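Student: Just dropping this structure here.
The values are calculated or read from the model by the stated rules, or taken from the named source; none is laboratory data. Source: prediction; values computed, not measured. We place every Cβ from the backbone using ideal geometry, glycine too, and count neighbours over all the protein chains shown. For accessibility, only protein heavy atoms count, side chains too; no ligands or nucleic acids. Shrake-Rupley method; radii C 1.70, N 1.55, O 1.52, S 1.80 Å.
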Amino acid sequence: MYAYNLFDQSLIDGRVREFRQQTERYLAGRLSEDQFRPLRLMNGLYFELHAPMLRVAIPYGTLHADQLRMLARIAREYDRGYGHFTTRQNIQFNWPTVEMAPDILDDLSRVQMHAIQSSGNCVRNITTDHLAGIAADEIEDPRPWCELIRQWFTLHPEFSYLPRKFKIAVTGSPRDRAVSLLHDIGLHIVHGENGERGFAVYAGGGMGRTPVIGSLIRDFLPSTDLIGYLEAILRVYNELGRRDNKHKARIKILVRSLGIEAFRDLVEQEWQRVQRDVPPLDDDEFSAILKRFAGPSFDAVVDTGDFAARQLMEPAFARFVEHNTIVHRHAGYRAVYVSLKAPGQVPGDLDAARMDAVADLAQRYSFDEVRTTHTQNLLLPHVAMSDLYAVWKVLDSLQLATPNISRLTDIICCPGLDYCSLANARSIPVAEEIYQRFADIDEVSSVGELRINISGCMNACGHHHVGHIGILGVEKRGEEWYQVTLGGSSSEDAALGERIGPAISRHDIVNAVEQIVHTYLDQRIDADESFIQTYRRIGASKFKERIYGEQA
Amino acid sequence: MANKPEHDDTICERLLSVDADTDIEELVSASNDVDRILIHVPVFTDGRIFSLVRRLQEHRDFTGKIAVRGDMLPDQVTLLHRLGVTEICLDNGLDINDQPREITRSYRERRIDVVLQNNHDQRQVNQEAGR
Ligand code: SF4
């Protein structure tokens, strides 16, 4: 995990003082609501349906135990005792007041945390693969690169008032677990034939009301040129992105209207200019960042203890191991998911007591580290296999061990009409009803890998476009209805789901999900063919028939 | 687009006055031999001004001054200062001095300082070696 140096700390300390004064000016009427808006958003503070909402940055989804404990404390002291983990690996608090925000930021700064650029029309939190440094297929750990980008675009004087928000994701594995193709910029670490380090650069992806899969604009960018090239992209966007219509202001619209070739040419031209001002990265600079990423010191040989025997004795533990843990690249360890998806639980929500408990587990069993995933779960990244049983016992007692990772009840879900002022429909109760309907864990297991994503409006915070089953809340004559899409994917084979027919009422939506699941079970060749594979093989018609009848 | 540069007898300089949404290419090509460019910012959320200023600074043939006037937040003045603008006037009634006294420095400036310092040090070393 990255440890701050003096400059990092002084920057966030200064920022807290700056924001405190900005808030005072607003409360004293020296800044209007409109004038305060971008200043507060750049510090993560929204004004939502019921109360302000504060989004705290979790850079590339990594936390240490004390940071999670601080989040727990904030939930307890300033909020209603819980926080909500988001699809961009951040956390949101739904109930602070404006006056509290500077105090919360002050508390966060004590544990090297902040809310800088977690909102606003600027470069947002850099997200990455939650299995960074763990996955066997990894080419290079993406996190130091995320940190480099984070630093460079923090308080960058040129890019703090962009046409719209700007999201960057970095992945270091061929398997894309960072949804990178649906980001304004997706960076894939690649190594050249002679071992040169670099990136494949994708631009113009995004969800929202106009979902687009990013296009490749450079297949190999030497890593020393990364910052300059990103600046060139951002400058082209800052100059030419639309500012007259909020819904057409993202870079994806610009890339589409210019065409990818013309966009690429503009970026290349700009890059020639930018290079005069931004010298290439030298090795020392990058090593300075690398040095601050102290990795865990794994035991060379790990005794797995009674790991195997326990699984034979306790099928529930065996199922947990199978579904909720991942083989670690370091022999003898596993990465363990903490499932925030259980009946009666809002997807991604976690109360303070359980945050503390997970922090304790991290400290004791996972080299002090916890991660957040874009699927709104947590991860204990490095647990020795001999400790897995003990970890499971604790998680199970906290209802954080539902063995459903990547299964149909591991639902990604935005806050929807329960919290969000932009929503058309509720999303949380739909997720809840799906849990109830699929409460039988054997059934969930037998269905295999299946991702259901729910958004309460077209802004798509719940990633519905890339759900294998996507559910989008719409409003018709004052009632909540839901549009269903099938076949979406957020991985390296990214695809946007296809709408299968007219919107479905609140009453029928979960029945429809059940019909879809049953259609899949009827149609799959065998249990090894996943939902998305079956869908790609047979298309939408069988699913449509089942839901809408013959007329479909 | 910009008015043609005009000679102003009173202040004896070539002044170019433009809006912040001016096409950058056109402005850059019109900026040669201009003493001062005055950029008007109609609305503070329009961040094009920051790229405009930086592009001008990067342009080798422009050696004049950049002045900015318009609807800006005092907090944004700092960003302009960082990009090298020294003359700024707010015309939206906000007090330019009503901003946090201590403004956070960004990583970008720090790196530029370090690079400049290194270049400077290198020059010294070279000079001493050549002596
Ligand atoms: S998708 Fe819509 S309803 Fe859901 S959180 Fe985003 S803006 Fe709100």
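Student: FRET efficiency for A:L6 and B:A129, Cβ-Cβ distance as r, R0 = 22 Å, nearest 0.05?
Tutor: Details: r = 33 Å, r/R0 = 1.50.
Using R0 = 22 Å, I get an efficiency of 0.10.
Student: When the solvent-accessible surface of protein heavy atoms is calculated with a 1.4 angstrom probe, in what order do A:L240, A:L388 fall, highest first?
Tutor: On the way: A:L240 80, A:L388 0 Å².
Order by accessible area, largest first: A:L240, A:L388.
Student: Within the protein assembly as shown, count lysine pairs with alpha carbon atoms under 18 angstrom apart where the residues are 8 or more positions apart or belong to different chains. Working shown, then result.
Tutor: Details: A:K165/A:K246; A:K165/A:K248; A:K165/A:K252; A:K167/A:K246; A:K167/A:K248; A:K167/A:K252; A:K341/A:K393; B:K4/B:K65.
Final tally of qualifying lysine pairs is 8.
Student: Right, something else. Within chain A, which cysteines find no other Cys whose Cβ is under 4.7 angstrom from their own?
Tutor: Within chain A, the cysteines lacking a partner Cβ under 4.7 Å are A:C122, A:C146, A:C413, A:C420, A:C457.
Student: Treating the angle as unsigned and between 0 and 90°, give the value, to the nearest 10°, between the Cα long axis of helix B:107-130 and the longest Cα principal axis of chain B.
Tutor: 40
Student: Can you list residues from other chains, or at least 5 along the same chain, whose modelled amide H is less than 5 Å from the amide H of A:D176?
Tutor: Residues meeting the criterion, in which the H sits 1.01 Å from N, are A:E492.
Student: Considering only A:T375, A:G259, A:L230, whose Cα is most displaced toward the positive end of the charge dipole of chain A, charges sitting on Cβ of Lys, Arg (+1) and Asp, Glu (-1)?
Tutor: It is A:G259.
Student: Taking the simple approach of a point 7 Å from Cα along Cα-to-Cβ for both A:R437 and A:A318, what is their distance in nm?
Tutor: Computed distance between label sites A:R437 and A:A318 equals 3.1 nm.
Student: Could I ask something else about it? Label-point separation (nm) for B:Q57 and A:E498, each offset 7 Å from Cα along Cα-to-Cβ?
Tutor: 5.2
Student: Could I ask something else about it? Amide H to amide H under 5 Å from B:V68: which residues, 5+ apart in sequence or cross-chain, H placed 1.01 Å off N in plane?
Tutor: Answer set, sorted by chain and number: B:I39, B:E87, B:I88, B:C89.
Student: I need the calculated FRET efficiency for the pair A:S406 and A:D284, taking r as the beta carbon distance and R₀ as 35 Å, to the nearest 0.05. Before the final figure, lay out the partial values.
Tutor: Numbers: r = 41 Å, r/R0 = 1.17.
For A:S406 and A:D284, the calculated efficiency is 0.30.
Student: Report A:H518's accessible area, 1.4 Å probe, all protein chains in place, as a number in Å² to the nearest 10.
Tutor: It works out to around 60 Å².
Student: Ignoring ligands, DNA and RNA, please state the percent of accessible area on the range A:359-414 from carbon and sulfur, probe 1.4 Å. It would help to have the intermediate numbers written out before the result.
Tutor: Details: 660 of 1490 Å².
The computed percentage sits at 44.
Student: As a test of reading the structure, rank B:D33, A:D418 by solvent-accessible area (1.4 Å probe, protein chains only), most first.
Tutor: Working: B:D33 115, A:D418 50 Å².
Ranked from most to least accessible, the order is B:D33, A:D418.
Student: Something else: Could you give the accessible area per residue of the range A:475-534, probe 1.4 Å, as a whole number in Å²?
Tutor: On the way: 2770 Å² over 60 residues.
About 46 Å² of surface per residue is accessible.
Student: At 1.4 Å probe radius, can you tell me the per residue accessible area of the range A:96-139 in Å²?
Tutor: On the way: 1090 Å² over 44 residues.
That works out to 25 Å² per residue.
Student: Per-residue mean of other chain beta-carbon atoms within 10 angstrom of the beta-carbon, peptide A:231-239?
Tutor: 3
Student: Right, next: In Å², rounded to the nearest 100, what is the total accessible surface buried by chains B and A against each other with a 1.4 Å probe?
Tutor: Details: alone 9000 and 21750 Å², together 27040 Å².
Summing both chains' loss of accessible area gives about 3700 Å².
Student: Keeping all protein chains in position, work out how much accessible area A:Y46 exposes to a 1.4 Å probe, and write it in Å² to the nearest 10.
Tutor: Estimated to the nearest 10 Å², A:Y46 gives 50 Å².
Student: At 222 nm, what value in deg cm²/dmol follows for the protein assembly as shown if DSSP H runs of at least 4 each add -39500 (n - 2.57) and the sum is divided by all its residues, to the nearest 500? Mind showing how you got there, number by number?
Tutor: Numbers: 22 runs with 257 residues, N = 683.
That comes out to -11500 deg cm²/dmol.
Student: Just grab the label-to-label distance for A:H507 and A:V394, each label 7 Å out from Cα along the Cβ direction, in nm (one decimal).
Tutor: 4.8
Student: How high is the FRET efficiency between A:E77 and A:D360 when r is their beta carbon distance and R₀ equals 25 Å, given to the nearest 0.05?
Tutor: Details: r = 19 Å, r/R0 = 0.77.
Result of the calculation: an efficiency of 0.85.
Student: Which helices count as membrane-span-like in chain A under these terms: full DSSP H, at least 15 Å along the axis by C-alpha, Kyte-Doolittle mean of 0.5 or more? Kindly include the intermediate steps, with their values, before the conclusion.
Tutor: Working: long enough: A:6-27 (32 Å, -0.91); A:65-78 (19 Å, -0.42); A:226-240 (21 Å, 0.81); A:260-277 (26 Å, -1.17); A:352-365 (19 Å, -0.14); A:506-523 (26 Å, -0.37).
Flagged H segments are A:226-240.
Student: Take every residue in peptide B:38-47, count the Cβ atoms of other chains within 10 Å of its Cβ, and give the average of those counts. Display every interim value, and only then the final one.
Tutor: Working: counts 0, 0, 0, 0, 0, 2, 4, 8, 4, 14.
Shielding by partners across B:38-47 averages 3.
Student: Round to the nearest 10 and report in Å² the accessible area of A:L45, as given by a 1.4 Å probe over the protein chains' heavy atoms.
Tutor: Approximately 0 Å² of A:L45 is accessible to the 1.4 Å probe.
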